[in-house]
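Taking it in order: structure first as structure tokens, then the write-up.
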Amino acid sequence: MENWYKIFIEYTVSLAISDSSYSYIAKSLLAEKFRGLWVKARMFEILEIASESIREKEAWREGWLAVKTTIRFDGTKMDREDLTRLNTLAENLEPKTLIERARLYALLIVGVHWT
């Protein structure tokens, strides 16, 4: 099963960082599935690499929200090392510029909910 998750993540990232019209959908899908992939499938390293790849191209607001949601709902159940990795990932994905923060705010107003 782990191999299937890895293929899904890698394919989704390849779409997310492409110039395809599906880029936004791929980023949203990966963000939507992030919590389960982190908590249940424990795909830490590949998700860290995926997040870096997406962040190198542009801000990944949905990913940051997914990471923060995972911390909020599952952080107390994680061992210290896993939570530290997740907090580091949140720091790396956090919107940094004024424009990134404004886009995050707009995304929140629209009512994106990650479970």
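No lab work stands behind these numbers, since they all come straight from the coordinates. Because the structure is a prediction, the values reported are computed rather than measured. When we count neighbours, we look across all protein chains shown, and the Cβ atoms used for this are built from the backbone with ideal geometry, even at glycine.
Annotations for the structure displayed:
- Of everything in segment 6-22 that is in contact with a helix residue (DSSP H, G or I) (Cβ under 6 Å, 6 or more places away or on another chain) and touching a residue at least 24 places away in the same chain (Cβ under 8 Å), the residue that is surrounded by the most Cβ atoms within 10 Å (Cβ to Cβ) is A16.
- Scanning segment 36-45 for residues that are loosely packed, with under 15 Cβ neighbours inside 10 Å and assigned to a loop (DSSP other than H, G, I, E, B) yields a count of 2.
- Count of residues meeting criterion [of a type outside the set (G, A, S), surrounded by 14 or more Cβ atoms within 10 Å (Cβ to Cβ) and not in a helix (DSSP H, G or I)] in segment 46-97: 4
- Taken over segment 61-86, the criterion of being within 22 Å of S18 (Cβ to Cβ), in contact with a Leu (Cβ under 6 Å, 6 or more places away or on another chain) and not charged (D, E, K, R) is satisfied by G63, W64.
- One residue from K27, K33 being out of contact with any helix residue (DSSP H, G or I) (no Cβ under 7 Å at 6 or more places or on another chain), crowded, with 16+ Cβ neighbours inside 10 Å and closer than 16 Å to L89 by Cβ: K33
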